[in-house]
Amino acid sequence: MSDGSQSQQMKRRNPAIHRKIRGISPAGDRRVRLVGTVSKKAGNGAIVLDDGSDGKAEVFFDNLDLIERIEKEYSVGDYILVTGLVVPRDGGSFDISGEIIRKHPKTALPQDLIKRAESLLGGN
């Protein structure tokens, strides 16, 4: 099989849309990008992410390398970026099936100023 036919058979991922946790629609959003603080480590690579939008999201990882890295390198209070799939649950809630995690440099701006700017810019 040639390289050209292999690339035609490769499936493209849905783009990850930047969302605030409170703005996630389990019925409409497929893949999201979230930035927030680790508020809890639940073990086995699962974390609870808080982005300050009056919502928290449980993020689960099933990649063993990522799970090991999360257990060793990430702590409660770390500011991170997560990309993952929205997994709808009963009652309109959801989980995130994490694909990518990385530490995000904290901004020097106060969080209240960031929230105000996002509201003025129509951030979700």
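No lab work stands behind these numbers, since they all come straight from the coordinates. From a predicted model like this one, the values you see are computed outputs, not experimental measurements. Glycine gets a Cβ as well: all are built from the backbone with ideal geometry, and neighbour counts include every protein chain shown.
Filter Lys56/Lys103; Lys11/Lys72; Lys41/Lys115 down to the pairs with a C-alpha to C-alpha distance above 28 Å, please.
From the list (Lys56/Lys103; Lys11/Lys72; Lys41/Lys115), the Cα-Cα distance tops 28 Å for Lys11/Lys72.
Sort 43-56, 62-75, 86-99 for me by packing, meaning the mean count of neighbouring Cβ atoms within 10 Å per residue, highest on top.
43-56, 86-99, 62-75
Give the aspartates and glutamates reachable from Lys40 as a straight Cα distance under 18 Å; neighbours fewer than 8 places away on the same chain don't count.
List returned: Asp50, Asp51, Asp54, Glu58, Asp62, Glu68, Glu71, Glu73, Asp78, Asp95.
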